[in-house]
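This report refers to the structure that appears directly beneath it.
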Amino acid sequence: MTVPDIPLATSLPDLEQRVRAGEFGPPPHDARISVAFTTSQAVRHDGRSGGYRNEVLSLRLGEAVGSCAVEPGALPAAAIEECVGASVATLLAHPVQAVRVAALDAYLMHVAPHTPANGASPWPLPAGSSLRKSRARARGVVDLLGDAPGRVLVVGVVNSLLEALRARGVDYVPCDLKGGTTEWGERVRTDALAELPGCDAVLASGMTLGNGTFEALREHAARHGTPLVMFAQTGSAVLPRLLGAGVGAVCAEPYPFFWLDGGPGVIHRYGGTR
């Protein structure tokens, strides 16, 4: 598919600066958030030994919703009230990083939604259980790595993604700030940067935008030509704007996420070697 002439940026700071300057569309001081909300989730899929929790801050701008995941309980109670009625420009300077990321995501979702005209290819998700939909999403993400990714650093452990890599015989290094072990008893590393030199490709969660680790991954990928595939509920509209600047492909999943509904759904893919 031919990628259209859409605005791109050279780094996350460059993207933020250009949005503030109004280069991507309407001036951000004229764009106001109408609704702010959080989604809190706990899950344990059938047949899996462990579970996890999610908490996501979402901001509504017109028809668009931007999101950023946070550690459960970490978002200040006042943050939601501070977002409602505030301009995107104001929220891009908010002291809480999750608010800044969600505001940037909402703005970019508003001006460049996930459509073929903006470079996105839809990937359907079937109706079914949370595990069935998780596995379908995982196949869509891993497919973006291509046929011979080598050793893959997985930043942000999702067992369905690891399962999909295992099914393809792909060697991987699981990494997550929470540490622990995977479903298969593998030790989860906690320092992604320390693992980069030993890996041939990187598969990373959009949550790296919210915890401040994304730019180091992007810079490494850009400097060394390492394939970097992002799977993004956090910042799903942000990361496609960084294609070619270290980011090789994006699997974008805007709100509502697959785990919120049992019906059919869709995710949106950009770039890759598929």
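I want to verify the translational diffusion coefficient of region 143-274 in µm²/s; compute it with Stokes-Einstein, Rh as the Kirkwood radius over Cα pairs, at 4 °C and 1.567 mPa s. Stokes-Einstein gives a translational diffusion coefficient of 87 µm²/s. Projected onto their three principal axes, the Cα atoms of region 12-111 cover extents of 49, 25, 25 Å, largest first. Comparing mean-square fluctuations of 55, 82, 63 from a GNM of the chain with C-alpha springs under 10 Å, the top value falls on 63. Placing +1 on the Cβ of every Lys and Arg and -1 on the Cβ of every Asp and Glu, with no other charges, gives the chain a dipole of roughly 520 debye about its Cα centre. Using the average count of surrounding beta-carbon atoms within 10 Å as a protection proxy, the listed peptides 224-230, 66-72 rank, highest first, as 66-72, 224-230. For region 120-271, the relative contact order comes to 27 percent (Cα pairs under 8 Å, sequence separation of at least 6). Of 97, 41, 233, the residue with the greatest mean-square motion in the GNM of the chain, using alpha carbon springs below 10 Å, is 41.
GNM on the chain, alpha-carbon springs under 10 angstrom: the most fluctuating residue among 74, 120, 138 is 74.
The numbers here are math on the coordinates, done by the rules we state, and not lab data. Because the structure is predicted, anything quoted here is derived from the model rather than measured. Every residue, glycine among them, receives a Cβ derived from its backbone with ideal geometry; neighbour counts consider all protein chains shown.
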